[in-house]
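For reference, the structure is listed below as structure tokens.
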Amino acid sequence: MSNGGWTGTILRVDLTTGRISKEPLNMDWAKSFVGGRGLAARYLYEEMDPAADALGPDNKMIFATGPMTGTNASTSSRYMVVTKGALTNAITTSNSGGHWGPELKFAGYDMLIVEGRAPVPSYISICDDDVRICSAEHLWGKTVWETDDIVREESGQHDTVVTCIGPAGENLVRFAAIVNDRHRAAGRSGVGAVMGSKNLKAIAVRGTGGVPIADPQKFMSAMWEMKSKLVEHPVTGEGLAAYGTAVLVNIINESGALPTNNHQVSQLEGADNISGETLADTRLVANKACFGCTIACGRVSQLPGEAQDKFTVTTRPHNWKIAVEGPEYENAWAMGADCGINDLDALIKANAMCNELGMDPISFGATLAAAMELYETGAVSDEQTGMPLNFGSGEALVAMTEKAAYREGFGDELAEGSKRMTAKFNRPEFFMGVRGQEFPAYDARAIQGMGLGYATSNRGACHLKSYTVAPEILGIPEKMDPAVTEGKAEITKIFQDATCTVDASGLCLFLTFGVGLDEIQPQLEAVTGISYTVPELLEVGERVWNIERMWNQRAGFTGKDDTLPKRLLEEPIPDGPTKGEVNRLGEMLPEYYEIRGWNAEGEPTKEKLASLGLA
Amino acid sequence: MAKSLRIIPEKCTGCMQCELACSWVQTGMFQPSRSLIRVNIFDEQASYAPYTCFQCDEAWCMTACPVNAISIDADTGAKVVGDANCVGCGLCTIACPFGTVFYNPDTQKAFKCDLCDGNPACAVACPTGAIEYTESESADWLGGWAEKVNESYLTSIEGGNAA
């Protein structure tokens, strides 16, 4: 038994019957899956049929914290939303920071499991032991920010933290997000649409309890050691603090790896206009940290007077006078470079609207980029789109952000995500993604390892599941050549497993720019009172990766889905420093399966599963 | 010259490390609801403001206490609640014009910042230097800050009207 870290209690809410129950956490699973992404995947594997309809009542949503969540370890803010993704039909693990995860922990719960479908629009209100399902009929149609204000007001407590969906989630936009603290999102794979399908508008939490630590003395010393390393590291101590994640725009662009115009080229002209450096010089008003974070990569920006009226937005002019969060690197890429747009003000507006309306800016931006290619090749007409959708048009970006969230006009096509949209207009080759989920901001032709990572990612294309950009471009922890395939299978497996472990702990993956499992291990041990070696922690990650893989197999995915679009495999990058490159996935995938202990079809073998305790 | 806690809101990122550190001192757990320093977040203004007792000279908490449970620490100058005497009536929490004296439902007594006997945990924990424990002429830094905030607020309203 543990005497720290975990609260030991799970909260379960069945929206169909209105039944609310509390149950003890399965401590055997807690030990072998730790928490967050891992523990939630274990529960989802046990409890739900992966073949169920993602938008039906049989899909379950797990909001999961880790044992480190809510402690004073740096970046202790994270919670995971684990469910069947509306965009992908695969298991998804969407991570968010802010204050909501710690608050759930302070209320006394490691995880919240939401089941069924509410008969009418509802929200869940949690104040320590007092848990209720409340009517949300008056909230339906409200934006994230309006909902946040109203629900906090209704709770009567200033410190209540709200996570909710906006109009995009209600309208079942396939890439709708769940947003907490107004600007922090469990963004990808359509978790917001799943919440919308359950008629669940918001979850408000107020917790007054505490997180105990099993071995305080050991914890404090390990905690301070990690914090000092984060301060000393050039990325976590300087780069991210000074320029946010968008510090990557110029670096990746100069490497010839910034996908532009729906991955047609890999460099954006005028990329510096949307870089973290330009943001800091012209629009940044503050750095913002998530709960417990000593890095503070969050950006808060504000449009000056002359920029407030740029681009047509039909609603809420007030919003352009206030400070808003972002843009971050991924958003700046998807709605910027991938759409050929280098206007920072367009990005600030579109990004804020994604937060306000509850939408993933990566998939939205990438879907708009695919729509722009449809438009420029004549696959869709002006009549269909309602306005010109040329690459580079900030006007189109801002207008379509709103239209997609409300499914108005051509926005209704965008709202289906680029895989479904490009298929409908007979250009499936314009879909740039894996398992139905759009790529993030790194061209896999320029960074071989990222291609393998995308192709095998359980939740579809994602930069947060094996970020081999770190070694291949940034040289962290050691430089690898991005153009070679040798060694990439091995590093991808290690990164995938280690990432699962970080995601299970309740810490933020961004700390791994500066530290690793060596620093996390003593903290996790001290918090929980359970001994883990670093190899054991890597095995926890491998266990999580394999159970996600098995879940997907049951949902109907096979090794055939471990692939990339033809453009990345066969169309060489036409220009720039990476000219002539394609992704050579075929050189890496068989080796990857072998290292994973999977058969040639990409299925985990019985021996592998037995060794991980999953047989 | 005495040392006092100075808070520089412009440097605060809203990370809550001060609340975590303070709550650890109070309860031996990470429990922000029992922190004696509170960070207020004003999203639309991009302003994050940690806020705690600044050991004001008037000390209405001391004046209000019916059982003289609050005394001044000779070394730090902090106004300290003596648990042995406190009867938990809550008058000090009402008397404090700054809202920085709290009632602890677990102990059923009042509690407030006591400067951690001269080594405030919040200042140690702050990663951005937004909370300093330094020598100063007067502990009353808050007056100047309030004036400044008020001024910029008025400017922003006037600016808004002009636009």
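The values are calculated or read from the model by the stated rules, or taken from the named source; none is laboratory data. If you're wondering where the values come from, they're calculated on a predicted model, not measured in any experiment. With ideal geometry, Cβ positions are generated from the backbone for all residues, glycine too; neighbour counts draw on all protein chains shown.
All conditions in (1) of a type in the set (D, E, K, R); (2) farther than 17 Å from A:A64 by Cα; (3) in contact (Cβ under 8 Å) with a residue 60 or more places away in the chain hold for A:E238, with the sole exception of (3).
Per the conditions (1) among the hydrophobic types (A, V, I, L, M, F, W, C); (2) part of a loop (DSSP other than H, G, I, E, B); (3) modelled with pLDDT of 95 or more, the sole criterion not satisfied by A:A610 is (2).
Only one of the numbered conditions (1) among the charged types (D, E, K, R); (2) in contact with a His (Cβ under 7 Å, 6 or more places away or on another chain); (3) part of a helix (DSSP H, G or I) is violated by A:D443, and that is (3). Of all residues in segment A:241-277, which are closer than 18 Å to B:C12 by Cα and crowded, with 24+ Cβ neighbours inside 10 Å? Of everything in segment A:241-277, those that are closer than 18 Å to B:C12 by Cα and crowded, with 24+ Cβ neighbours inside 10 Å turn out to be A:Y243, A:G244. Of note, A:A600 satisfies the criterion of being outside the structural domain of A:T93 (by TED's automatic domain parsing) and part of a loop (DSSP other than H, G, I, E, B).
Answer with yes or no whether A:A280 is surrounded by 21 or more Cβ atoms within 10 Å (Cβ to Cβ), over 22 Å from A:G365 (Cα atoms) and not assigned by TED's automatic domain parsing to the domain that holds A:S531. In short, no. Got at least one residue in segment A:333-345 being in contact (Cβ under 8 Å) with a residue 12 or more places away in the chain, more than 24 Å from A:E376 (Cβ to Cβ) and outside the structural domain of A:F175 (by TED's automatic domain parsing)? No, segment A:333-345 contains no residue that is in contact (Cβ under 8 Å) with a residue 12 or more places away in the chain, more than 24 Å from A:E376 (Cβ to Cβ) and outside the structural domain of A:F175 (by TED's automatic domain parsing). Might you let me know whether segment A:375-388 holds any residue that is assigned by TED's automatic domain parsing to the domain that holds A:E486 and of a type in the set (F, W, Y)? Taking every residue of segment A:375-388 in turn, none turns out to be assigned by TED's automatic domain parsing to the domain that holds A:E486 and of a type in the set (F, W, Y).
The set of residues in segment B:1-55 being more than 10 Å from chain A (Cβ to nearest Cβ), small (G, A, S) and surrounded by fewer than 24 Cβ atoms within 10 Å (Cβ to Cβ) consists of B:A2, B:S4, B:A49. One residue stands out in segment B:67-78 among those that are surrounded by fewer than 18 Cβ atoms within 10 Å (Cβ to Cβ) and outside any loop (DSSP other than H, G, I, E, B): the one that is nearest to the other protein chains (Cβ to nearest Cβ), namely B:S71.
Scanning segment A:17-30 for residues that are surrounded by 13 or more Cβ atoms within 10 Å (Cβ to Cβ) and either out of contact with any Ser or Thr (no Cβ under 8 Å at 6 or more places or on another chain) or not assigned by TED's automatic domain parsing to the domain that holds A:R132 (or both) gives A:G18, A:I20, A:N26, A:W29.
With respect to A:K560, is the statement that it is out of contact with any Cys (no Cβ under 7 Å at 6 or more places or on another chain), crowded, with 17+ Cβ neighbours inside 10 Å, in a helix (DSSP H, G or I) and not hydrophobic (A, V, I, L, M, F, W, C) true?
Considered against the rule, which asks whether it is out of contact with any Cys (no Cβ under 7 Å at 6 or more places or on another chain), crowded, with 17+ Cβ neighbours inside 10 Å, in a helix (DSSP H, G or I) and not hydrophobic (A, V, I, L, M, F, W, C), A:K560 comes out as no.
Within segment A:288-297, is there a residue that is within 25 Å of A:E438 (Cα to Cα) and not assigned by TED's automatic domain parsing to the domain that holds A:L104? Yes, segment A:288-297 contains a residue that is within 25 Å of A:E438 (Cα to Cα) and not assigned by TED's automatic domain parsing to the domain that holds A:L104. I want to confirm something. Restricting to segment A:192-236 and keeping residues that are facing chain B (nearest Cβ under 10 Å) and touching a Leu at 6+ places or on another chain (Cβ under 8 Å), which single residue is nearest to A:S96 (Cα to Cα)? If we take residues in segment A:192-236 being facing chain B (nearest Cβ under 10 Å) and touching a Leu at 6+ places or on another chain (Cβ under 8 Å), then A:G207 is nearest to A:S96 (Cα to Cα).
Just for segment A:287-326: of the residues that are closer than 30 Å to A:L507 by Cα and hydroxyl-bearing (S, T, Y), which one is nearest to the other protein chains (Cβ to nearest Cβ)? Once the filter is applied, the top-ranked residue is A:T294. The C-beta contact set for segment A:379-396 (first residue touching a residue at least 60 places away in the same chain (Cβ under 8 Å), second residue in a helix (DSSP H, G or I), distance under 7 angstrom, 6+ apart or interchain) comprises A:F391/A:C339; A:F391/A:M372; A:F391/A:E376; A:G394/A:A346.
For beta carbons closer than 7 Å, sequence separation of 6+ or different chains, a first residue in segment A:589-615 that is closer than 18 Å to A:D497 by Cβ and a second that is part of a loop (DSSP other than H, G, I, E, B) and modelled with pLDDT under 95, the qualifying pairs are A:L609/A:A615.
None of A:A470, A:A461, A:A455 is under 25 Å from A:C297 (Cα atoms), modelled with pLDDT of 95 or more and assigned to a helix (DSSP H, G or I) except A:A470.
Being in the same structural domain as A:A404 (by TED's automatic domain parsing), within 20 Å of A:V173 (Cα to Cα) and buried (at least 24 other Cβ atoms within 10 Å of the Cβ) is true of A:A350.
Within segment A:63-86, residues that are within 14 Å of chain B (Cβ to nearest Cβ) and under 20 Å from A:E47 (Cα atoms) sit with their Cβ atoms under 6 Å from residues that are modelled with pLDDT of 95 or more and in a loop (DSSP other than H, G, I, E, B), at 6+ positions apart or across chains, in these pairs: A:T65/A:D110; A:T65/A:G506; A:G66/A:G35; A:G66/A:G506. Of the residues making up segment A:504-514, one or more are at positive phi and touching a helix residue (DSSP H, G or I) at 6+ places or on another chain (Cβ under 7 Å). Is it true that A:A370 is of a type in the set (G, A, S) and over 30 Å from A:L303 (Cα atoms)? Judged against the criteria, A:A370 is not a match.
In segment A:89-111, is there at least one residue being within 23 Å of A:F513 (Cβ to Cβ), charged (D, E, K, R) and outside the structural domain of A:K419 (by TED's automatic domain parsing)? Checked segment A:89-111: no residue is within 23 Å of A:F513 (Cβ to Cβ), charged (D, E, K, R) and outside the structural domain of A:K419 (by TED's automatic domain parsing).
Being within 30 Å of A:A257 (Cβ to Cβ) and surrounded by fewer than 19 Cβ atoms within 10 Å (Cβ to Cβ): is that true of A:P574 here? Criteria met by A:P574.
A:I113 meets the conditions (1) of a type in the set (V, I, T); (2) within 24 Å of A:A30 (Cβ to Cβ); (3) crowded, with 24+ Cβ neighbours inside 10 Å in every case but one. The failed one is (3).
Among the residues of segment A:42-81, which ones are hydrophobic (A, V, I, L, M, F, W, C) and within 30 Å of B:W24 (Cβ to Cβ)?
If the condition is that a residue be hydrophobic (A, V, I, L, M, F, W, C) and within 30 Å of B:W24 (Cβ to Cβ), then A:I62, A:F63, A:A64, A:M68, A:A73, A:M80, A:V81 are the ones that fit.
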